[in-house]
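Below is one structure, written out as structure tokens; the observations come after it.
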Amino acid sequence: MAFISLSPELKAKSFTGVENKFITKYMPVLDAQAVKVYLYGLYLSQSGSTFTVADLAAALNITEEQAEGCFDYLDEFELVKVTARAPFEVTYLDAENISGTPKKYKPEKYADFARSVQTIIKGRMISPNEYREYFYLMEEYGFEQGALLMIVNYCVNMKGDDIRIQYIKKVAKSFAADGATTAKKVEERLAKFTYSTPALTKIFAAAGITRSPGIEDDRLYKKWTEELGFTDDAIAAAAKCFKAKNTERIDEVLDELFRNKKFDAKEIEFYCKNKNAIKTATTDIARALGIYVANTAPYIENYVGVWCDMGYELSTLGRIAAYCFTHERKSFEGMDDFIKKLYEKGIIEEKAVRSYIEMMNAEDAFIKKTLVKCGLTRRIIPSDRQFLSRWREWNFSDEMILRAAELAAGKNNPVAYMNGVLSSWKAEGTFTPDKIESGVHAVATHEGKSVDRSVIERHYARLRQLAEDRAESIQQKALDDELYGKLHGEINSLGIKLAFAEARGDSSAAELETKISEAQAAADARLAELGIDKADFTPRYSCSICNDTGYDADGKPCRCLKKFIQEYNNAG
């Protein structure tokens, strides 16, 4: 039976939680008054009420100065952090994850070190607890005494005699992270920092940072120059343009510039100058597309910023977004597909884009007029544009296309019927209205018999629909698979980045090609696991010559059409 138990009445009361590590590790060595302050402060923090340090001092019958002194004492143990002085504020921290009590160190082992460190820190007396922290660094991190004294001396030169142990520990741990725990390696590390100091001083001046560069800044400088690849001039330009007032902000800015591939000082200045404009434009583009975006950053990084790099002006992108909305491209991805087509055609400048959009609008207006002539009121679909392109390749004028539309009015599938009529005219060499014979409703066979065009167009419309539905169903089945769907999206995203990289002559193109190949191989492997043939994503038409239209590329009746007419007549 446990030698301590709780009464039912006590169990029903509220409690203040205290970490076991505090009880086992810290409480045995802490000053008694500091323990009282720690526990009462912990109680106040969990009570849900608002208290001040004066309230705590009054409750423990001590002065405010004594209470604040205890918290400073606890701060040295990293049990709390004093975050403000006026008003006095404290944050309780998690105890170090080392079980048991702090180690006891033999004073005589570090007697010389203790005398030396007190000689370096002249402005105040070093407390026993601070000495214990130095002993801990040497024992746990393996610092040589001379190495740690060099670090302390460096910190005092940087911050002055009133430097706190917390800063010294932070710097010492950064040296340990680099494997610099001997006097020789600490000296080498400090020498490298001295080498980078002029560059950091220049960067600090550009950012308006008044303090001197520290060893912790050198670690960031190495990241900026060696990992991210920025020059000193580029870093200074970034700090100045973005008004970064501390190294943390400079680091955030450079990470953003790295993601957006802005490395040159002029590129950085332009990016910064236009960042707000791009952000506003991104919101406007989203609104023009009919969508809402809460965070513009990913859309700038993946779309708008890339479009700007391709040479498109923000006003031009707004025009393109308006066009995409009216043409069923109501997403950034859909707009991106359209811009890639423009870019492939060399259509980038505002005037060229405006002319192209006007041409497309005029063409859509004609398609709409043609559909109305056919008796259709539906919206324009991609196949309508494909048919119109084919008919113009066959050298038919708009007048002839509209005459064919008039003949197709009232048919079950008017557009397909038009295709049949125009194909017959092409085969007969009929390209002007005066050569059109009235009553074009049938296709003659070799035997002189005829089949109504409505029968033919229904037959081929059904064949095309079956093939296209099957392909769409198979592809959707693959996309519904979580793994394949993810790989498919990744391949599309990488493809976009590759197109832009190749356009810019970026050296990352080869790496992107490798990633695409790897993702494609993984996607193909997943399709094999699912038992799906990738070729089935493309409609398998029953006739590979005419793709189930009844007419070959020259507009002549396909042999499958002749066969269908013969079979139809035989069945009749």
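The values are calculated or read from the model by the stated rules, or taken from the named source; none is laboratory data. This one's a predicted model, so the numbers in the text were calculated from it and none came from an experiment. Positions of Cβ are generated from backbone atoms using ideal geometry, with glycine treated the same way; all protein chains shown enter the neighbour counts.
As for the stretch 257-276, it holds at least one residue that is assigned to a helix (DSSP H, G or I), under 30 Å from Ala177 (Cα atoms), at pLDDT 85 or above and touching a helix residue (DSSP H, G or I) at 6+ places or on another chain (Cβ under 8 Å). Just to be sure before I move on: is Tyr568 surrounded by fewer than 19 Cβ atoms within 10 Å (Cβ to Cβ) and in contact with a helix residue (DSSP H, G or I) (Cβ under 9 Å, 6 or more places away or on another chain) in the structure I sent? Considered against the rule, which asks whether it is surrounded by fewer than 19 Cβ atoms within 10 Å (Cβ to Cβ) and in contact with a helix residue (DSSP H, G or I) (Cβ under 9 Å, 6 or more places away or on another chain), Tyr568 comes out as yes.
Apart from one condition, Tyr40 fits all of (1) of a type outside the set (Gly, Ala, Ser); (2) over 28 Å from Ile168 (Cα atoms); (3) modelled with pLDDT under 90; the exception is (3). Counting only helices (runs of 4 or more DSSP H) that sit completely within the stretch 28-90, those holding 2 or more residues that are among the charged types (D, E, K, R) correspond to 64-76. Search the stretch 390-430 for residues being modelled with pLDDT of 85 or more and outside any helix (DSSP H, G or I), and hand back the single one that is farthest from Gly550 (Cα to Cα). Going through the qualifying residues, I end up with Ser397. Restricting the stretch 37-61 to residues that are in contact (Cβ under 8 Å) with a residue 24 or more places away in the chain and in contact with a helix residue (DSSP H, G or I) (Cβ under 7 Å, 6 or more places away or on another chain) leaves a set whose member that is surrounded by the most Cβ atoms within 10 Å (Cβ to Cβ) is Val37. When restricted to residues that are assigned to a helix (DSSP H, G or I) and under 25 Å from Phe175 (Cβ atoms), the stretch 208-248 contains 17. Residues that are of a type in the set (S, T, N, Q) and outside any helix (DSSP H, G or I) were ranked within the stretch 5-27; the one that is modelled with the lowest pLDDT is Ser5.
Here is the figure for the stretch 234-282: residues that are under 16 Å from the mean Cα position of the chain (by Cα) and of a type in the set (Val, Ile, Thr) total 2. The residue that is surrounded by the most Cβ atoms within 10 Å (Cβ to Cβ), among those in the stretch 178-204 that are aliphatic (A, V, I, L, M) and modelled with pLDDT of 85 or more, is Ile203. What is the one condition in (1) among the hydroxyl-bearing types (Ser, Thr, Tyr); (2) within 43 Å of the chain's Cα centre (by Cα); (3) buried (at least 18 other Cβ atoms within 10 Å of the Cβ) that Tyr134 does not satisfy? The one condition Tyr134 does not meet is (2). One residue stands out among those in the stretch 303-318 that are within 14 Å of Ala286 (Cα to Cα) and surrounded by fewer than 16 Cβ atoms within 10 Å (Cβ to Cβ): the one that is farthest from the chain's Cα centre (by Cα), which is Ser315. Among the residues of the stretch 79-119, the ones that are at pLDDT below 75 and either within 27 Å of Ala57 (Cβ to Cβ) or among the hydroxyl-bearing types (Ser, Thr, Tyr) (or both) come to 4 in all. Which of (1) among the hydrophobic types (A, V, I, L, M, F, W, C); (2) assigned by TED's automatic domain parsing to the domain that holds Ile120; (3) under 16 Å from Ser212 (Cβ atoms) does Met150 not meet, given it meets every other one? All conditions are met except number (3). Filtering the stretch 547-562 for residues that are more than 15 Å from Asn419 (Cβ to Cβ) and either modelled with pLDDT under 85 or within 48 Å of the chain's Cα centre (by Cα) (or both) leaves a non-empty set. If you go through the stretch 526-572 and pick out every residue that is touching a strand residue (DSSP E or B) at 6+ places or on another chain (Cβ under 8 Å) and among the β-branched types (Val, Ile, Thr), you end up with 1.
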